[in-house]
1. Has region 418-440 got any residue that is of a type in the set (V, I, T), part of a strand (DSSP E or B) and farther than 30 Å from H370 by Cα?
2. Identify the residue in region 39-71 that is closer than 16 Å to P155 by Cβ and not in a loop (DSSP other than H, G, I, E, B) and, among all such residues, is nearest to the chain's Cα centre (by Cα).
3. Among the residues of region 166-188, are any touching a residue at least 60 places away in the same chain (Cβ under 8 Å) and over 22 Å from the mean Cα position of the chain (by Cα)?
4. So in region 82-111, with the set limited to residues that are of a type in the set (F, W, Y) and not in a loop (DSSP other than H, G, I, E, B), which one is surrounded by the fewest Cβ atoms within 10 Å (Cβ to Cβ)?
5. Can you tell me which residue in region 391-416 is farthest from the chain's Cα centre (by Cα), limited to those that are closer than 11 Å to Y466 by Cα and surrounded by fewer than 20 Cβ atoms within 10 Å (Cβ to Cβ)?
6. Would you say K366 is assigned to a loop (DSSP other than H, G, I, E, B), modelled with pLDDT of 95 or more and crowded, with 19+ Cβ neighbours inside 10 Å?
7. So, E197, is that one at pLDDT 95 or above and under 18 Å from V30 (Cα atoms) or not?
8. Does L439 qualify as being in contact (Cβ under 8 Å) with a residue 24 or more places away in the chain and over 17 Å from G364 (Cα atoms)?
Amino acid sequence: MAFPKGFLWGGGTSATQLEGGWNEGGKSPVSADYALVSDNFHFRQTTYRDKDGHLKFGSTFDVLPEGAHYTVEDEHHYTNHQASDFYHRYAEDIALFGEMGFKTFNLTISWARIYPHGVEKGINQEGIDFYHRVFAECKKHGIEPLVTLYKYDMPTYFDEKYGGWNNRALIDEFVAFAKVCLEEYKNEVTYWVTFNEINVLTLLMSMDNDYSQAQEKYTQLHYQMVAAAKVVKLAHTINPQNKVGCMICSTVNYPYSCAPEDVLLSQSRTKNQMYYCADTMAKGAYPYYSENLWQSLQLSLDITEEDRQVLLEGKADFLSFSYYTSSCVTAQENVETTAGNISWGVKNPYLKHSDWGWAMDPTGLKYILHEFYARYNLPLFIIENGLGAYDELTEDKQVHDSYRIEYLRAHIEAMKESVEEGVDLFGYTTWGCIDLVALSTGQMSKRYGFIYVDMDDLGNGTFNRYKKDSFYWYKQVIETNGERLD
């Protein structure tokens with residue numbers, strides 16, 4: 001068999017996009033709880049009131065202006081408030097994962113459930129107990145949890161009081177949160193990931209070629225990477241068996257042509273969008289091109305010698321990443337563009353595209369697997385991969401999603417070839433293994449799961465669960481350790 005014995009097949013979710021119960025069980029709000037629904041090709045916006053009380057619209061990735069506060073407006077619908085209602089239906093959902101044969105379940109522990117208002121106001125025991133119950137269900141079905149500690153679910157308390165990750169104080173707050181998780185779930189969780197797609201902070205700027213917020217974003221990123229390194233070291237102290245990974249949003253940028261300018265632009269984009277973070281977290285130091293980048297953007301970063309030592313001592317044990325799509329880059333003007341996972345670029349004429357305009361490119365997955373393994377020589381884990389699509393629930397409660405099976409089959413075949421060629425890949429969790437709220441658009445109608453959740457973009461539905469055709473297909477894939485893909 002190509003895939004090693006014990007390969008971790010499973011699925012992934014996030015607390016903000018799946019749980020719901022946004023104001024239950026002692027949880028405080030996160031920015032996504034104030035985010036609206038968008039359409040296929042635009043990022044969603046949050047609602048807040050400025051210091052003068054005026055209603056404003058912002059981004060979940062932006063820090064609130066001084067004196068502003070988030071607000072829920074009655075005339076708007078907020079899909080994250082209920083999401084997929086995992087908070088009340090976790091036992092049912094995990095049983096379905098167990099029926100599929102999941103070896104692992106990639107989920108997040110919501111910071112806002114554990115420390116709703118920071119260390120100052122103490123631990124929320126209801127939140128602690130909730131995840132104990134979740135992990136007990138996983139154990140019942142033989143599922144190994146893989147926990148991501150941060151997936152865009154920082155309590156808004158920190159935005160409003162500290163200015164979010166612009167404040168170095170957030171490092172200690174995050175480490176305190178992680179310490180509680182590492183100690184509480186010491187006997188329940190072995191695999192951890194610190195920050196999900198940590199490079200999105202700077203990725204969005206490079207996509208827009210707008211660096212007006214560069215000082216702020218690179219400062220936030222530095223504090224997050226220092227916090228992650230501290231957590232890696234802490235995790236090894238609490239339990240030497242812990243494995244802690246970093247997580248990158250992979251951006252495969254092909255040169256649009258063989259023009260040297262396009263090749264150099266592709267190389268530069270890849271370094272700045274992806275390797276800048278991966279190099280720092282996997283190798284323990286900022287890469288050689290960092291100083292030049294900082295100078296070109298006129299950055300003055302708060303990097304201490306202690307920070308550099310922390311980064312060196314807190315290198316990740318494995319590299320995990322998301323992969324959905326690829327795009328092209330070019331120095332040419334007036335070329336057709338396309339969308340992607342928090343990224344976009346020139347449309348590749350050789351590829352098919354999804355309903356959301358994302359290129360479907362399994363060869364790109366094979367390419368990036370080899371690139372990552374050659375560069376870092378670390379075990380790899382594909383933590384997000386999947387196809388967002390419109391699914392139709394038939395009158396007899398069936399979903400015939402052959403298009404999803406086709407997408408996943410091609411990507412697993414690319415994984416299989418990579419493993420046969422020597423890449424050390426030890427796990428794969430498809431994104432949104434059960435339908436959930438799309439991060440970028442807030443839509444429920446953008447469905448990824450093997451399990452259909454009866455809920456629409458406007459909050460209409462029963463939350464009943466229905467198995468799609470892909471449910472049975474993935475069950476077979478897991479049973480045969482990736483050998484049967486028909």
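The values are calculated or read from the model by the stated rules, or taken from the named source; none is laboratory data. It should be emphasised that the depicted structure is a prediction, and the values quoted were computed from it without experimental measurement. Here the Cβ is made from the backbone with ideal geometry for all residues, glycine too, and neighbour counts use every protein chain on show.
1. Among the residues of region 418-440, not one is of a type in the set (V, I, T), part of a strand (DSSP E or B) and farther than 30 Å from H370 by Cα, which makes the answer no.
2. Step by step, filter region 39-71, then rank; the result is T46.
3. yes
4. Within region 82-111, the match that is surrounded by the fewest Cβ atoms within 10 Å (Cβ to Cβ) is Y90.
5. Per the criteria, the residue is D396.
6. It is false that K366 is assigned to a loop (DSSP other than H, G, I, E, B), modelled with pLDDT of 95 or more and crowded, with 19+ Cβ neighbours inside 10 Å.
7. Taking the combined requirement at face value, the residue satisfies it.
8. The answer is yes for L439.
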